[in-house]
Amino acid sequence: MDVVTLGETMVSFTQQSTGLMRYARHYQSAFAGAETNTMAGLSRLGHRTGWISRVGDDELGASVLSFVRGEGIDVSWVKKDDSSPTGLMLKEIINEQNVRVYYYRQHSAASKLKAKDINEEYIAQAKYLYITGITPALSSSCHEAILQAITYAKKHSVKVIFDPNLRKKLWNEEKAREVLLQLAAKSDIVLPGISEGEFLFGVQDEKEIARLFNENGADATIVKMGDRGAYYSSRKEETYVSGFKVNSIDPVGAGDGFAAGFISGLLDQLSYEQAVLRGCAIGAIVTTTVGDIEGLPDRKLLEDFMTDSNEDIRR
């Protein structure tokens, strides 16, 4: 296994008409999960991925498992819970400038993920453990599960990559800062955005954000800066990596795509600069398509994009 992750994937329903949701009669279903988005991106690039989680023993849980398995992600350590439902997310599109998201994930099956659900051998055989700040926000037991996974990873020299992926709706800000900084300190590589750096440290400068994460305990920090690219800093080197100009349609999932591209670069033994560039490329590609995973490329699409972008798009 190349990369293992843990977290919740929900069924997402988006109204097909604009306006208040009370008047909506038709919805489009999809799947929402930052961790499985990233694993799907890695899987499409030929890497072996695995997901640890819980789903309800219901039709929505069956649909989540079918979807994740269909993306080539191993689900052998996903448990079915016959006492808790699969989580839901509803998206209300009042107009293009006003979109509201509602979570129905409290007491969901995934929110009951526990430390004992984490298998040591499954973590040990991976090259990387990928975690986000969403999972510990779901419940105290999910927080304990994340810490257990990190403990196993450290024990077996598995590198930990952490995307803070701040979700303010899921917990209070004081608790969020405490836990996110705790997880960042235990991680080898951290992938924050500018807004997350500002939330955690009160600064917006990418160099200062990276410095503070590295001082907090990370070996390396890559600060995502949208279409401007990214800034990378480790204890040995630092550099800016250029972004890509694209016709962006939907920014949702760009960060997950970035993580997939970056981790893929590490697995392919690229330099950090080239791995970050691959992350920027996939992050850009994802924004050109509506949906979280619909735009994730395979090797051929990625190579074509990066080749064509050398002269026309990259800056």
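Read the figures in this text as sums done on the coordinates, not as results from a lab. Note that the structure is a prediction, hence the values are computed from the model and not measured. Quick reminder, even Gly has a Cβ in these numbers, built from the backbone with ideal geometry, and neighbours come from all protein chains shown.
Karplus-based coupling profile of the stretch 289-294, in residue order and whole Hz: 10, 6, x, 6, 10, 4, with θ = phi - 60° in 6.51 cos²θ - 1.76 cosθ + 1.60 and x standing for Gly or Pro. To check you understand DSSP bridge types, tell me what percent of the beta bridges within the stretch 187-266 (both residues inside) are antiparallel, rounded to 5. Rounded to the nearest five, the antiparallel share is 75 percent. Across the stretch 1-133, C-alpha contacts under 8 Å between residues 6 or more apart give a mean separation that, scaled by the residue count, equals a relative contact order of 32 percent. Backbone geometry of the stretch 96-102 corresponds, through the Karplus equation with coefficients 6.51, -1.76 and 1.60 at θ = phi - 60°, to 3J(HN,Hα) couplings of 4, 8, 9, 10, 10, 10, 10 Hz, x marking Gly and Pro. Per DSSP H run of at least 4 residues, take -39500 (n - 2.57); add these up for the chain, divide by its residues and hand me the 222 nm value, nearest 500 deg cm²/dmol. After summing the helix terms and dividing by residue count, I get -11500 deg cm²/dmol.
One compactness figure for the stretch 169-260 is 1.10, namely its Cα radius of gyration divided by 2.2 N^0.38 Å. When each of the peptides 61-68, 242-249 is scored by how many other beta carbons lie within 10 Å of its residues on average, the order from highest to lowest is 61-68, 242-249.
The string of couplings for the stretch 76-83 from the Karplus curve (6.51, -1.76, 1.60, θ = phi - 60°) is 5, 10, 9, 9, 8, 10, 8, 10 Hz, one whole number per residue in order, with x for Gly and Pro. The label point for residue 290 and the one for residue 127, both projected 7 Å from the Cα toward the Cβ, are 3.7 nm apart.
The packing ranking, built from the mean of other Cβ atoms within 10 Å per residue, places the peptides 164-176, 3-15 in the order 3-15, 164-176, highest first. A simple spin-label model places pseudo-atoms 7 Å from Cα toward Cβ; at residue 100 and residue 23 they are separated by 1.4 nm. Here the convex hull built on the C-alpha positions of the stretch 258-302 has a volume of 57 cubic angstrom per residue. Assuming a ≥ b ≥ c are the square roots of the Cα gyration tensor eigenvalues, decide whether the stretch 175-224 counts as rounded (a/c under 1.5), prolate (otherwise, with a/b larger than b/c) or oblate. In terms of gyration-tensor shape, oblate. What nm distance separates the two modelled labels at residue 114 and residue 307, each placed 7 Å from Cα along Cα→Cβ? Calculated label separation equals 5.3 nm.
Its relative contact order, with pairs defined as Cα atoms under 8 Å and 6+ residues apart, puts the chain at 14 percent. For the pair the stretch 129-174 and the stretch 66-117, the centres of their Cα atoms are 16 angstrom apart. Hydrophobic, long helices, defined as DSSP H runs whose alpha-carbon span along the helix axis is 24 Å or greater and whose mean Kyte-Doolittle value is at least -1.0, do not occur in the chain.
Cα gyration tensor of the chain, axes a ≥ b ≥ c as square roots of the eigenvalues: rounded (a/c below 1.5), prolate (a/b > b/c) or oblate? Rounded shape, in that the Cα axes give a/c under 1.5. Between the amide H of residue 86 and those of 56, 61, 109, distances stay under 5 Å, these residues lying 5 or more places away or on another chain, with hydrogens modeled in the peptide plane.
Considering the stretch 218-300 at the alpha-carbon level, its Rg and Dmax are found to be 12.3, 38 Å.
Full extension of the segment from residue 76 to residue 1, taken as 0.36 nm per residue of separation minus the current Cα-Cα distance, would add 25.8 nm. Apply the a/c threshold of 1.5 to the C-alpha gyration tensor of the stretch 62-189 and tell me whether it is rounded, prolate or oblate. Taking the square roots of the gyration eigenvalues as a ≥ b ≥ c, the stretch 62-189 is oblate. Just how many % of Cα pairs in the stretch 75-133 lie over 12 Å apart, if you round to the nearest whole percent? Taking all Cα-Cα pairs of the stretch 75-133, the fraction more than 12 Å apart is 77 percent.
Here 256, 250 are placed in order of increasing Cβ neighbour count within 10 Å, fewest first, which gives 250, 256.
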